[in-house]
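Structure, as structure tokens:
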Amino acid sequence: MLAAGAGAAGARSASSSEPAAAPAAATVGSRVVPVPAAVRAGGGTFRITRGTAVEVTRGSADAGRVAGYAAALLRPSTGYPLPVVPVPAGTRSGAAAAAPGAIVLALGDTDRGLGDEGYRLRTTPRAVTISARTAAGLFHGVQTLRQLLPARVESRTAVPGAAWTVPDADIRDVPRYAYRGAMLDVARHFLTVAQVERYIDELALYKVNTLHLHLTDDQGWRIAIGSRPRLALYGGSTGVGGGPGGSYTQDDYRRIVRYAASRFLTVVPEIDGPSHTNAALASYPELNCDGTAPPLYTGTKVGFSSLCVPKAETYAFLDAVIREVAALTPGPYLHIGGDEAHSTSAADYVTYMDKVQPIVTAQGKTVIGWHQLDSAHPVPGALVQYWGTAGNETAVVDAAKHGTRVIMSPANRAYLDMQYTSTTPLGQHWAGYVDVRTSYDWDPATFIAGLPAGAVAGVEAPLWTETIRTDADVDYMAFPRLPGIAELGWSPAAAHDWNAYRVRLAAQGPRWQELGIGFYRSPEVDWAAAGTDAP
Ligand code: NGO
């Protein structure tokens, strides 16, 4: 069938923005992250012009929104009107297009193998056609189209005289894993709705489909709970270093969820416990075994706090919180934390996990916990998030043999808060220094020795924010590592190739410049080859 897109990274000359007559696979393979599952020659190159319309299958509001999104993305830089034109289902691709051609977003692809998120992208001189079985598939196809266009397409102002050419290609692309996540720790330093939305847009470009929000920790409680108002009002009133903190109203949280959904991301809220709970313990004295509230905490130690496991109040509290958070969350998951319970006895830890999981499932949600949950009794269907470094944790393997699947976030690979090198001005290095190759060059399926095949649900790149406050901080730590984790989640294992990846990654540099993403110019990547010179 189609040739694997992997390894097809044809070298591009440094200055030309237009590929020479390179084979389709090589052209696409030198540009797109995550690398598509399969690429072959299409029917010729396509060019967006003043007459281009965005045609979309009539009758699907979701597909219509993707078309609106695509047009809005392409209008500022091209300066073209790009009207959205609904067309009847089954219209032959591009046939109804007004001359000289169209961007066609077609639902109803008959290829069942495309599943919930896959898409096909084909070019001819008359049209570029993205087809899929779902709006999510169309949306992912639009991200590929974006990356096939010159980087200047990301400009928010018109770029006169640019040639908006889509290289010849026929791409069939499906994800390797259904769960492709990124986590923001909004507890250590609060991040505003606008900051979270900005990150969501960055994630969408790399086909990430899950945003895990670490909403509670020792230093701050970041979501308003109607029945426990002091959690946000008092528990959210500071953060690491003693700043003013902050929290989301329930409407703020709904806004984030809606914005994420508009980019086809599912939000996973985390209510961490029994440790990482000082902000809650400080807000409500009855959650402490001695009935005394500790002061708010603004340092960065971990593992010192614990909800009082024997007390009934603890579970009334969890029930109230989880009930409200679940009701606000349309996605299937609720994360219960469970990491670093160093101040909770092993027996109490198991008791806590035994009690909190049914509270989550009673709300119709699937439990996710950090992988320490495997030392308790994960309920059927629960997922654990692996954040170890060694890959030799037998409890994770044993639980997986009994059906507990794993989200892979090994800290020495996937943690975006690890310093790149000893001189990186932000971040930590408890799991080591993690430069771009280390971050990319591993296999989620084999990292944990002995894990049964099929046990891995996907990958996630967590960004902890002990040292991170601003958009610039977020961007510097996430880029260029985030796209690598996204590729591990999306692209087939057979496509994994550092030498090919670093060429495609370099091609992202000019795009990030246009988008205002200040990234770390790792010396492991030849940025200059893609025209990204140091500023
Ligand atoms: C650990 C810890 C977090 C820290 C993070 C910093 C997990 C799951 N618990 O990861 O509290 O913020 O490291 O890298």
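Can you say whether residue 316 is away from the ligand (no atom under 16 Å from the Cβ) and of a type outside the set (S, T, N, Q), as far as the supplied structure shows? Spelling it out, residue 316 is indeed away from the ligand (no atom under 16 Å from the Cβ) and of a type outside the set (S, T, N, Q). Checking the structure you have, find out if any residue of the range 234-242 is open to solvent by 10 Å² or more (accessible area, probe 1.4 Å), in contact (Cβ under 8 Å) with a residue 60 or more places away in the chain and farther than 20 Å from residue 285 by Cβ. Checked against the condition, which is being open to solvent by 10 Å² or more (accessible area, probe 1.4 Å), in contact (Cβ under 8 Å) with a residue 60 or more places away in the chain and farther than 20 Å from residue 285 by Cβ, the range 234-242 yields at least one hit. One residue alone among 261, 279 is assigned by TED's automatic domain parsing to the domain that holds residue 187, within 16 Å of the ligand (Cβ to nearest atom) and not in a loop (DSSP other than H, G, I, E, B), and that residue is 279. Given the structure, is residue 188 within 14 Å of the ligand (Cβ to nearest atom) and either under 30 Å from residue 306 (Cβ atoms) or assigned to a loop (DSSP other than H, G, I, E, B) (or both)? Answer is yes for this residue.
Within the range 282-306, the set of residues being in a loop (DSSP other than H, G, I, E, B) and farther than 28 Å from residue 428 by Cα comprises 284, 288, 289, 290, 291, 292, 293. Within the range 189-198, can you find the residues that are buried (at least 22 other Cβ atoms within 10 Å of the Cβ) and either closer than 16 Å to residue 477 by Cα or outside the structural domain of residue 233 (by TED's automatic domain parsing) (or both)? Matches in the range 189-198: 189, 191, 196. Residues of the range 467-499 that are farther than 27 Å from residue 191 by Cα, open to solvent by 10 Å² or more (accessible area, probe 1.4 Å) and either touching a Gly at 6+ places or on another chain (Cβ under 8 Å) or at pLDDT below 95 (or both): 497 alone. In summary, helices (runs of 4 or more DSSP H) completely within the range 388-484 and bearing 1 or more residues that are under 17 Å from the mean Cα position of the chain (by Cα) occur at 411-414, 436-440, 471-478. Taken as a whole, the condition of being in contact with a strand residue (DSSP E or B) (Cβ under 8 Å, 6 or more places away or on another chain) and assigned by TED's automatic domain parsing to the domain that holds residue 434 applies to residue 331. Of the strands (runs of 3 or more DSSP E) lying entirely inside the range 118-177, those carrying at least 3 residues that are charged (D, E, K, R) and in contact with a helix residue (DSSP H, G or I) (Cβ under 8 Å, 6 or more places away or on another chain) are 170-173. A residue that is surrounded by fewer than 24 Cβ atoms within 10 Å (Cβ to Cβ) and farther than 30 Å from residue 113 by Cβ can be found somewhere in the range 163-180.
What residue, among those in the range 438-453 that are open to solvent by 60 Å² or more (accessible area, probe 1.4 Å) and closer than 17 Å to residue 494 by Cα, is farthest from the ligand (Cβ to nearest atom)? Filtering the range 438-453 for residues that are open to solvent by 60 Å² or more (accessible area, probe 1.4 Å) and closer than 17 Å to residue 494 by Cα, the one farthest from the ligand (Cβ to nearest atom) comes out as 453.
The values are calculated or read from the model by the stated rules, or taken from the named source; none is laboratory data. Remember, it's a predicted structure, so these values are computed and weren't measured experimentally. With ideal geometry, Cβ positions are generated from the backbone for all residues, glycine too; neighbour counts draw on all protein chains shown. Keep in mind that these areas ignore ligands, DNA and RNA; they rest on the heavy atoms of the full protein, side chains included. Shrake-Rupley method; radii C 1.70, N 1.55, O 1.52, S 1.80 Å.
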